[in-house]
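Here, each number is a calculation from the coordinates, and none is a lab measurement. Quantities reported herein were computed from a predicted structural model and do not represent experimental measurements. Positions of Cβ are generated from backbone atoms using ideal geometry, with glycine treated the same way; all protein chains shown enter the neighbour counts.
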Amino acid sequence: MAILVTGGAGYIGSHTVVELINENYDVVIVDDYSNAKPEVLNRIKELTGKEVPFHEVNITDKEALRPVFEQHDLEAVIHFAGFKAVGESVAQPLKYYSNNIHGTIVLMELMNEYDVKKMVFSSSATVYGMNNEAPFTEDMPLSTTNPYGTTKMYIEQIIQDQFVADNRWSAALLRYFNPIGAHVSGRIGEDPNDIPNNLMPFITQVAVGKRDKLSVFGNDYDTHDGTGVRDYIHVVDLAKGHIRALEKVLETEGVEAYNLGTGTGYSVLDVVKAFESANDVEIPYDIVDRRPGDIGTSYASSAKAKAELNWEAKLGLEDMCRDSWNWQKNNPNGYEA
Ligand code: WQD
């Protein structure tokens, strides 16, 4: 029996594949390379010794995805595949609704057809919207402020509705806070297309000389230093959370949401200072206007994941800063040769 990982060549997907193999799972990867490079598969083989079966498929293409279910004896799906750029989703909502939601429906239809009814879904803390007070808990009302976040909220609902229709389904909806860092080897890491939207890859590109300086999006939030506070979680801790969630969905039925965060919030300037200190580098920055749609403070309560998945984050901000820089300085152009 194998675990299908959609988006398994991506940043979080590839780190999760490595942890799955470390735990002796058989893995199959589906990815369309829209936000990933083929080189990742070579790096996974280098780190694990395993040649992972791979299918270059976009999940909206049902007839291209069907052979994956025909050729492999699948017991569960870890579903990462989806577009994830908040700003792009505002400019191109139909692209996001089609790829993320329609793609998930196609995937779930095939899961039903081939009797694969166990799923771990890559959701996001963005579903907590702007009307909740941190620390966020899974029972809070959901709302979203951009189409990307709306696709995550809708897909959570679709999965819950499918369980109501068929109680043999089991799913864990994993709400990520802010994944950063890289595998300790520095051989896999975050490799964004174009200009990074997210804080840490921008910082590492400043450190490696690809960008002149960091723009800090606002210092007038109601936080200790005025800059945005987020719950940064090491991507390897996040990957291990997927293994715990997979174990649970393999053993039970039902659908549960879990926050995957550390429970600690750090501001933008906290992260800049931690990165400079951990790596003995300087990160020039200037303060600019707020980014539309940003909230001031976001951090998790991960008590439910600890209690029900026996999972908690182990790595701290210094580890995240050290591992992010180790990846970037050893791969200045990411996975490009
Ligand atoms: C973090 C903090 C910014 C860049 C988003 C999505 C979430 C997930 C992760 C997909 C904020 C500040 C950032 C920069 C800055 N997306 N910042 N200068 O916005 O918390 O979450 O990305 O997986 O679903 O909502 O992450 O890294 O973009 O921003 O000052 O150049 O850094 O204002 O306070 P965010 P982020």
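Residue count for the stretch 255-290, restricted to those that are free of Cβ contacts under 8 Å to residues at least 40 places away in the same chain and within 30 Å of ALA165 (Cβ to Cβ): 0.
When residues of the stretch 286-311 are filtered for being within 24 Å of HIS224 (Cβ to Cβ) and charged (D, E, K, R), how many remain? Let's see the steps before the verdict.
Narrowing the stretch 286-311 to residues within 24 Å of HIS224 (Cβ to Cβ): 286-303.
Filter again for charged (D, E, K, R), leaving 286, 289-291, 294.
Residues meeting the conditions: 5.
Could you tell me whether TYR11 is in contact (Cβ under 8 Å) with a residue 24 or more places away in the chain, surrounded by 23 or more Cβ atoms within 10 Å (Cβ to Cβ) and touching an Asp or Glu at 6+ places or on another chain (Cβ under 9 Å)? Judged against the criteria, TYR11 is a match.
Scan the stretch 155-176 for residues that are surrounded by fewer than 16 Cβ atoms within 10 Å (Cβ to Cβ) and of a type outside the set (A, V, I, L, M) and the total you get is 5.
Test LEU214 against the criterion of being within 14 Å of the ligand (Cβ to nearest atom) and in contact with a helix residue (DSSP H, G or I) (Cβ under 7 Å, 6 or more places away or on another chain), and give yes or no.
Details: within 14 Å of the ligand (Cβ to nearest atom): yes; in contact with a helix residue (DSSP H, G or I) (Cβ under 7 Å, 6 or more places away or on another chain): yes.
So LEU214 fits the description; yes.
State whether the residues of the stretch 160-171 include one that is in contact with a Lys or Arg (Cβ under 8 Å, 6 or more places away or on another chain), of a type in the set (S, T, N, Q) and outside any loop (DSSP other than H, G, I, E, B). Checked the stretch 160-171: at least one residue is in contact with a Lys or Arg (Cβ under 8 Å, 6 or more places away or on another chain), of a type in the set (S, T, N, Q) and outside any loop (DSSP other than H, G, I, E, B). Every test in (1) crowded, with 17+ Cβ neighbours inside 10 Å; (2) within 13 Å of the ligand (Cβ to nearest atom); (3) part of a loop (DSSP other than H, G, I, E, B) is passed by ASP270 save one, and that test is (3). Restricting attention to the stretch 153-191, the residues being without any contact (Cβ under 8 Å) to a residue 40 or more places away in the chain, within 16 Å of the ligand (Cβ to nearest atom) and either over 20 Å from HIS102 (Cα atoms) or of a type outside the set (A, V, I, L, M, F, W, C) (or both) number 0. Here is the figure for the stretch 107-147: residues that are touching a strand residue (DSSP E or B) at 6+ places or on another chain (Cβ under 8 Å), surrounded by 17 or more Cβ atoms within 10 Å (Cβ to Cβ) and touching a residue at least 60 places away in the same chain (Cβ under 8 Å) total 13.
In the stretch 75-104, how many residues are assigned to a helix (DSSP H, G or I) and touching a helix residue (DSSP H, G or I) at 6+ places or on another chain (Cβ under 7 Å)?
First pass over the stretch 75-104, keeping only residues assigned to a helix (DSSP H, G or I): 86-91, 93-104.
This time we only want the ones that are touching a helix residue (DSSP H, G or I) at 6+ places or on another chain (Cβ under 7 Å), so: 86, 89-90, 93, 96-97, 100-101, 104.
Going through the stretch 75-104 one residue at a time, the tally reaches 9.
The set of residues in the stretch 287-321 that are among the charged types (D, E, K, R) and within 16 Å of the ligand (Cβ to nearest atom) comprises ASP289, ARG290, ARG291, ASP294. Going through (1) surrounded by fewer than 21 Cβ atoms within 10 Å (Cβ to Cβ); (2) within 14 Å of the ligand (Cβ to nearest atom) one by one, GLY228 falls short only on (1).
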